[in-house]
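The values are calculated or read from the model by the stated rules, or taken from the named source; none is laboratory data. All values reported here derive from a predicted model rather than from experimental measurement. Quick reminder, even Gly has a Cβ in these numbers, built from the backbone with ideal geometry, and neighbours come from all protein chains shown.
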Amino acid sequence: MKSTALDAADIRILCALQQHGQLSKSRLAELAGLSPTPCWARFTRLKTAGLIRGYHADVAVGKIVAISKVVVTVSLKSHRKTDFDRFEAHVRSLYEITDCVATGGGMDYVMTVVTTSLSAFQTLMDEMLSAELGIDRYMTYIVTREVKSVQPNLARLLADSGK
(Lines give C-alpha, C1' and ligand atoms only; values in the text may rest on other atoms or scores of the structure.)
Protein backbone atom coordinates (compact mmCIF):
# COMPACT_ATOMS: atom_id res chain seq x y z
CA MET A 1 0.00 0.00 0.00
CA LYS A 2 1.35 3.38 -0.98
CA SER A 3 1.77 5.71 1.98
CA THR A 4 0.49 9.25 1.84
CA ALA A 5 3.04 11.99 2.46
CA LEU A 6 1.96 13.97 5.52
CA ASP A 7 3.20 17.31 6.76
CA ALA A 8 2.67 19.01 10.12
CA ALA A 9 -0.65 20.58 9.05
CA ASP A 10 -1.99 17.18 7.94
CA ILE A 11 -1.00 15.73 11.31
CA ARG A 12 -2.78 18.58 13.14
CA ILE A 13 -5.93 17.87 11.12
CA LEU A 14 -5.80 14.15 11.86
CA CYS A 15 -5.11 14.75 15.57
CA ALA A 16 -8.02 17.19 15.82
CA LEU A 17 -10.37 14.69 14.19
CA GLN A 18 -9.06 11.87 16.36
CA GLN A 19 -9.61 13.87 19.53
CA HIS A 20 -12.90 15.61 18.66
CA GLY A 21 -14.59 13.50 15.98
CA GLN A 22 -16.47 15.13 13.15
CA LEU A 23 -16.03 18.89 13.18
CA SER A 24 -17.36 21.83 11.20
CA LYS A 25 -15.08 23.20 8.51
CA SER A 26 -14.34 26.35 10.53
CA ARG A 27 -13.68 24.51 13.82
CA LEU A 28 -11.35 22.01 12.14
CA ALA A 29 -9.47 24.87 10.48
CA GLU A 30 -9.18 26.66 13.82
CA LEU A 31 -7.80 23.57 15.59
CA ALA A 32 -5.37 22.87 12.74
CA GLY A 33 -4.18 26.48 12.55
CA LEU A 34 -5.24 26.92 8.92
CA SER A 35 -7.80 28.95 7.03
CA PRO A 36 -10.98 26.99 6.19
CA THR A 37 -10.57 26.47 2.43
CA PRO A 38 -7.02 25.01 2.45
CA CYS A 39 -7.88 23.01 5.57
CA TRP A 40 -10.92 21.48 3.86
CA ALA A 41 -8.85 20.66 0.75
CA ARG A 42 -6.34 18.84 2.96
CA PHE A 43 -9.14 17.09 4.84
CA THR A 44 -10.66 15.90 1.53
CA ARG A 45 -7.26 14.59 0.38
CA LEU A 46 -6.73 12.73 3.68
CA LYS A 47 -10.20 11.21 3.50
CA THR A 48 -9.77 10.19 -0.16
CA ALA A 49 -6.44 8.56 0.76
CA GLY A 50 -8.30 6.39 3.28
CA LEU A 51 -6.63 7.87 6.35
CA ILE A 52 -9.97 8.85 7.92
CA ARG A 53 -12.06 5.70 8.32
CA GLY A 54 -15.04 7.19 10.15
CA TYR A 55 -16.36 9.10 13.12
CA HIS A 56 -17.40 7.44 16.35
CA ALA A 57 -18.98 8.45 19.61
CA ASP A 58 -17.52 6.87 22.74
CA VAL A 59 -20.83 5.64 24.17
CA ALA A 60 -20.91 4.30 27.76
CA VAL A 61 -22.85 1.18 26.73
CA GLY A 62 -22.64 -0.29 30.26
CA LYS A 63 -24.69 2.66 31.56
CA ILE A 64 -27.46 1.87 29.07
CA VAL A 65 -27.67 -1.92 29.24
CA ALA A 66 -25.99 -4.52 31.46
CA ILE A 67 -23.15 -6.16 29.55
CA SER A 68 -20.55 -8.84 29.98
CA LYS A 69 -17.24 -8.19 28.24
CA VAL A 70 -14.94 -11.16 27.66
CA VAL A 71 -11.51 -11.31 26.07
CA VAL A 72 -11.04 -14.59 24.20
CA THR A 73 -7.88 -16.09 22.76
CA VAL A 74 -8.38 -18.60 19.95
CA SER A 75 -6.05 -21.14 18.41
CA LEU A 76 -7.03 -22.90 15.17
CA LYS A 77 -6.34 -26.58 14.46
CA SER A 78 -4.92 -25.88 11.03
CA HIS A 79 -3.07 -22.89 9.66
CA ARG A 80 -3.91 -22.75 5.98
CA LYS A 81 -5.09 -19.51 4.41
CA THR A 82 -8.56 -20.99 3.86
CA ASP A 83 -8.80 -21.79 7.60
CA PHE A 84 -7.96 -18.21 8.55
CA ASP A 85 -10.29 -16.80 5.88
CA ARG A 86 -13.24 -18.96 7.05
CA PHE A 87 -12.71 -18.02 10.72
CA GLU A 88 -12.29 -14.30 9.98
CA ALA A 89 -15.37 -14.15 7.74
CA HIS A 90 -17.44 -15.71 10.50
CA VAL A 91 -16.06 -13.31 13.11
CA ARG A 92 -16.93 -10.33 10.89
CA SER A 93 -20.54 -11.51 10.75
CA LEU A 94 -21.02 -11.48 14.55
CA TYR A 95 -21.97 -8.14 16.10
CA GLU A 96 -21.05 -9.41 19.57
CA ILE A 97 -17.36 -9.57 18.60
CA THR A 98 -16.27 -5.94 18.81
CA ASP A 99 -12.53 -6.44 18.26
CA CYS A 100 -10.50 -9.25 16.78
CA VAL A 101 -6.80 -9.22 15.99
CA ALA A 102 -4.68 -11.94 14.42
CA THR A 103 -1.55 -12.57 16.45
CA GLY A 104 1.75 -14.34 16.09
CA GLY A 105 2.92 -16.64 18.83
CA GLY A 106 0.91 -19.05 20.94
CA MET A 107 -2.60 -18.01 19.93
CA ASP A 108 -3.94 -17.14 16.50
CA TYR A 109 -6.53 -14.53 17.52
CA VAL A 110 -7.47 -12.29 20.44
CA MET A 111 -11.10 -11.15 20.43
CA THR A 112 -13.26 -8.91 22.58
CA VAL A 113 -16.82 -10.15 22.93
CA VAL A 114 -19.65 -8.05 24.39
CA THR A 115 -22.93 -9.75 25.31
CA THR A 116 -25.76 -9.12 27.75
CA SER A 117 -24.71 -12.00 30.03
CA LEU A 118 -22.13 -14.72 30.48
CA SER A 119 -24.69 -17.30 29.41
CA ALA A 120 -25.22 -15.34 26.16
CA PHE A 121 -21.43 -15.34 25.71
CA GLN A 122 -21.30 -19.12 26.22
CA THR A 123 -24.13 -19.60 23.69
CA LEU A 124 -22.12 -17.56 21.17
CA MET A 125 -19.00 -19.67 21.77
CA ASP A 126 -21.02 -22.91 21.50
CA GLU A 127 -22.39 -21.70 18.15
CA MET A 128 -18.87 -20.86 16.95
CA LEU A 129 -17.67 -24.33 17.92
CA SER A 130 -20.67 -25.90 16.14
CA ALA A 131 -19.95 -23.88 12.99
CA GLU A 132 -16.84 -25.98 12.41
CA LEU A 133 -14.50 -23.02 12.10
CA GLY A 134 -11.48 -25.15 12.95
CA ILE A 135 -11.13 -23.89 16.53
CA ASP A 136 -8.65 -26.08 18.39
CA ARG A 137 -8.91 -24.33 21.75
CA TYR A 138 -9.96 -21.06 23.27
CA MET A 139 -9.40 -19.35 26.59
CA THR A 140 -11.64 -16.73 28.14
CA TYR A 141 -10.83 -13.80 30.37
CA ILE A 142 -13.78 -12.02 31.94
CA VAL A 143 -13.31 -8.26 32.04
CA THR A 144 -13.90 -6.99 35.57
CA ARG A 145 -13.26 -3.32 34.79
CA GLU A 146 -11.86 -1.27 31.97
CA VAL A 147 -8.66 0.46 32.99
CA LYS A 148 -7.83 2.22 29.73
CA SER A 149 -9.27 2.32 26.25
CA VAL A 150 -8.05 5.11 23.96
CA GLN A 151 -6.98 5.74 20.40
CA PRO A 152 -3.23 5.78 19.80
CA ASN A 153 -1.66 9.24 20.13
CA LEU A 154 -0.81 9.93 16.48
CA ALA A 155 1.38 12.96 17.14
CA ARG A 156 3.51 11.08 19.69
CA LEU A 157 3.85 7.99 17.50
CA LEU A 158 5.06 10.10 14.59
CA ALA A 159 7.45 12.04 16.84
CA ASP A 160 8.84 8.78 18.26
CA SER A 161 9.30 7.33 14.75
CA GLY A 162 11.38 10.33 13.66
CA LYS A 163 8.95 11.38 10.88
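How many residues are of a type outside the set (A, V, I, L, M), closer than 21 Å to Val101 by Cβ and at pLDDT 95 or above if we restrict to the stretch 38-77?
Matching residues across the stretch 38-77 total 5.
Out of the residues in the stretch 95-106 that are at pLDDT 95 or above and not in a strand (DSSP E or B), which is surrounded by the fewest Cβ atoms within 10 Å (Cβ to Cβ)? In this case the residue turns out to be Tyr95.
Would you pick out the residues in the stretch 31-90 that are touching a Gly at 6+ places or on another chain (Cβ under 8 Å), of a type outside the set (S, T, N, Q) and under 30 Å from Met128 (Cα atoms)? Selection gives His56, Ala57, Leu76, Lys77, Asp83, Arg86, Phe87. Conditions first: (1) free of Cβ contacts under 8 Å to residues at least 12 places away in the same chain; (2) of a type in the set (Lys, Arg); (3) in contact with an Asp or Glu (Cβ under 9 Å, 6 or more places away or on another chain). Arg42 passes all but one, so which condition is the exception? All conditions pass for Arg42, except number (1). Restricting the search to the stretch 120-163, which residues are modelled with pLDDT of 95 or more, outside any loop (DSSP other than H, G, I, E, B) and of a type outside the set (A, V, I, L, M, F, W, C)? Within the stretch 120-163, Gln122, Thr123, Asp126, Glu127, Ser130, Asp136, Arg137, Tyr138, Thr140, Tyr141 meet the criteria.
With respect to (1) of a type outside the set (Phe, Trp, Tyr); (2) in contact with a Phe, Trp or Tyr (Cβ under 9 Å, 6 or more places away or on another chain); (3) modelled with pLDDT under 95, the lone exception for Asp7 is condition (2). Counting the residues of the stretch 121-149 that are touching an Asp or Glu at 6+ places or on another chain (Cβ under 9 Å) and loosely packed, with under 10 Cβ neighbours inside 10 Å gives 1.
When restricted to residues that are touching a residue at least 40 places away in the same chain (Cβ under 8 Å), closer than 18 Å to Ser149 by Cα and either surrounded by fewer than 14 Cβ atoms within 10 Å (Cβ to Cβ) or of a type in the set (A, V, I, L, M) (or both), the stretch 45-94 contains 5.
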